[in-house]
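Report on the following structure.
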Amino acid sequence: MNDHAAIIKKTVFFVRQTLEKAEGGHDWWHIYRVWTNARRIAETERCNLLIVELAALLHDIADSKFHSGDEEIGPRTAGKFLKSIHVDAQIVEHVQQIIRNISFKSGFDKPSFRSRELEIVQDADRLDALGAIGIARTFSYGGFKGREIFNPEIPPNLNMTKEEYKNAASPSINHFYEKLLLLKDKMNTATGKKLAEQRHAFMELYLDQFYNECDAHSRA
């Protein structure tokens, strides 16, 4: 199968079916936003658009945190699907590598793979962890995991190891300091950086309002 539009159409159908009952922060609409942002960023970059779109659509097809920490289930699931619709083997491998290396936790390890396509999809995924959407997703996942919203007696851990990050069960507000507020300075592309600035500023404004309402003036 070589027709770009046909490949994307089949992939969209597969992803929507697979994630039909996914947690609200990692459902089809998260995928759709990342896909949209990835295409927007790709317009300003030299890249293989098919790889960008496929990786954006499949990056959370089987997120390890919903599968007992299995970090290969995502690449494996994506690879099996892409091979079933006869996508070129080199493209399949590239998409799998992006899925392996896109997440925030992958940044704890020494990078083993880089490409412009990875940088674009990574920025698109990070944008969906910022701003109003990022705030909504944080509390959605926190509720899904039964976590406290806020506990001033549990400070954020700003020096976590990868294992500590994977196993963290701290209040949702702590996640702002442990991940979300760090993303702006980790963006790869000029477009991604520009879009991240406004979303980052909104989160800072939100936290100010949150603490004012809690009458809690301590900061991380």
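Just to be sure before I move on: is K194 open to solvent by 70 Å² or more (accessible area, probe 1.4 Å) and either of a type in the set (G, A, S) or modelled with pLDDT of 95 or more (or both) in the structure I sent? It is true that K194 is open to solvent by 70 Å² or more (accessible area, probe 1.4 Å) and either of a type in the set (G, A, S) or modelled with pLDDT of 95 or more (or both).
With the structure loaded, tell me whether A132 is touching a residue at least 12 places away in the same chain (Cβ under 8 Å) and surrounded by fewer than 17 Cβ atoms within 10 Å (Cβ to Cβ) or whether it fails that test. For A132, the condition - touching a residue at least 12 places away in the same chain (Cβ under 8 Å) and surrounded by fewer than 17 Cβ atoms within 10 Å (Cβ to Cβ) - is met. Note on the stretch 176-216: residues that are touching a helix residue (DSSP H, G or I) at 6+ places or on another chain (Cβ under 8 Å) and charged (D, E, K, R) total 8.
Conditions (1) touching a residue at least 60 places away in the same chain (Cβ under 8 Å); (2) more than 24 Å from G24 (Cβ to Cβ); (3) touching a Leu at 6+ places or on another chain (Cβ under 7 Å); (4) crowded, with 17+ Cβ neighbours inside 10 Å, marked per residue:
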position: K110; (1), (2), (3), (4): no, yes, no, no
position: R114; (1), (2), (3), (4): no, yes, no, no
position: I120; (1), (2), (3), (4): yes, yes, no, yes
position: Y141; (1), (2), (3), (4): yes, no, no, yes
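Does R147 fit the bill of being of a type in the set (K, R) and open to solvent by less than 60 Å² (accessible area, probe 1.4 Å)? Taking the combined requirement at face value, the residue does not satisfy it.
Consider the stretch 54-78 and keep the residues that are open to solvent by 40 Å² or more (accessible area, probe 1.4 Å) and part of a helix (DSSP H, G or I). The one that is modelled with the lowest pLDDT is F66. Picking from residues in the stretch 197-220 that are assigned to a helix (DSSP H, G or I) and touching a residue at least 40 places away in the same chain (Cβ under 8 Å), the one that is surrounded by the fewest Cβ atoms within 10 Å (Cβ to Cβ) is Q198. The set of residues in the stretch 7-32 being outside any loop (DSSP other than H, G, I, E, B) and either polar (S, T, N, Q) or at pLDDT below 95 (or both) consists of T11, Q17, T18, G24, G25, H26.
The values are calculated or read from the model by the stated rules, or taken from the named source; none is laboratory data. All of these numbers come straight from a predicted model, not from anything done at the bench. As a convention, Cβ positions derive from the backbone with ideal geometry for all residues, glycine included, and neighbour counts pool all protein chains shown. Quick note on the areas: whole protein, heavy atoms, side chains included, nothing else; ligands and nucleic acids left out. Shrake-Rupley method; radii C 1.70, N 1.55, O 1.52, S 1.80 Å.
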